[in-house]
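A.B. asks: Pasting a structure here, questions to come.
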Amino acid sequence: MNRISLVLAAALAVCASHAEGATLAIAADAQGVVVPLPAGNDAASLIVELDDYDVTAVVKIADGTLTLSARGLALEPGEHHLRVLVMRPNGDIDTLMELLLDVARSAETTHTQSLNVLLGSSARIAEGPDEDFAGLGRDAYRGVLQWSAERDSANWALRGNVDALYDSVTTNAPDGNVWQAPGYLLQAERRFESGSVSLGLGDDPIALGNLLFSGYIRRGLRLDLDAFDQRARVQAFTLNSEPVTSFDADLVPTGDSGSVRGGYAVLEPVFAHPE
């Protein structure tokens with residue numbers, strides 16, 4: 001039975017900013033980021049979090065400054081939340097400072113591509129009658145192919161990835177298919193001054209804000225729009241209702257069998273920005 005669902009979620013987030021909660025602009029080609037720290041704190045008592053992950057072990061704290069390697073931390077273009085905590089002698093943990101890192105997007109067009117191939121085979125050797133393996137082949141062949149590519153510019157991003165599996169003796173695939181496509185994605189994104197719109201075909205994680213699937217991956221077609229510096233996010237989709245891995249599955253589910261169509265929106269009128 002076809003299920004048409006429309007989920008509308010509105011979230012109001014009011015975050016108190018510390019006096020230190022400013023924005024630090026980082027150039028696209030920056031090798032590192034140096035942040036001055038408030039005086040009077042032992043470096044061993046500090047905890048550094050980046051986007052809610054503890055990165056204390058991979059940053060340098062010396063001479064009253066905090067140094068982050070932008071390349072080493074693989075900071076993506078956009079905003080990242082830096083928080084420095086201090087552990088007091090009595091065990092209390094206080095927020096020492098908060099900072100919003102705004103990493104600029106490179107004006108140059110970049111291209112990345114990767115291809116991974118893994119092949120394997122095995123053979124069973126039996127010295128005597130092998131009645132225990134009646135009906136089973138002596139040889140087994142397996143292979144994995146992974147390809148991904150991305151072209152990124154100031155206004156456009158094109159992405160694609162394909163995963164393919166081959167298993168000559170599989171017993172888990174439907175109808176005994178030896179080829180499976182557990183994941184593929186073709187996506188085009190157009191960026192604007194305060195948002196973006198993207199169209200994706202294939203397998204892509206469903207956002208946690210979409211209560212329909214709660215973060216699972218489904219194959220299909222989806223249109224995403226974010227505006228006003230991500231204060232408004234909208235998605236429309238037509239997806240397979242169950243996980244799909246076969247090569248001959250419909251790219252875009254149609255009809256009333258096994259498809260889900262709908263959309264959702266998340267609105268955040270007040271965002272966690274220092275302003």
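A.B. asks: Suppose R0 equals 35 Å. What FRET efficiency, 1/(1 + (r/R0)^6) with r the Cβ-Cβ distance, do E193 and S69 give to the nearest 0.05? Mind dumping the intermediate values first?
C.D. replies: Numbers: r = 29 Å, r/R0 = 0.83.
Efficiency computed from Cβ-Cβ geometry: 0.75.
A.B. asks: I've got another one for you. Plugging the Kirkwood radius over Cα pairs into Stokes-Einstein for region 29-103, at a temperature of 25 °C and a viscosity of 0.890 mPa s, what D comes out in µm²/s? Don't skip to the answer; put the middle values down first.
C.D. replies: Working: Rh = 12.8 Å.
It diffuses with D of about 192 µm²/s by this estimate.
A.B. asks: Quick one: length gained pulling V55 to N116 fully straight, 0.36 nm per residue minus the C-alpha distance? Write out the running numbers ahead of the final one.
C.D. replies: On the way: separation 61, 0.36 × 61 = 21.96 nm, distance 2.97 nm.
Residue separation times 0.36 nm, minus the Cα-Cα distance, leaves 19.0 nm.
A.B. asks: Continuing with the same structure: Just order 99-112, 179-192 by mean Cβ neighbour count inside 10 Å, highest at the front, would you?
C.D. replies: Highest mean packing first, the order is 179-192, 99-112.
Bear in mind these aren't lab numbers, they're just calculated from the coordinates by the rules spelled out. Please read these numbers as outputs of a predicted model, since none were measured by experiment. Here the Cβ is made from the backbone with ideal geometry for all residues, glycine too, and neighbour counts use every protein chain on show.
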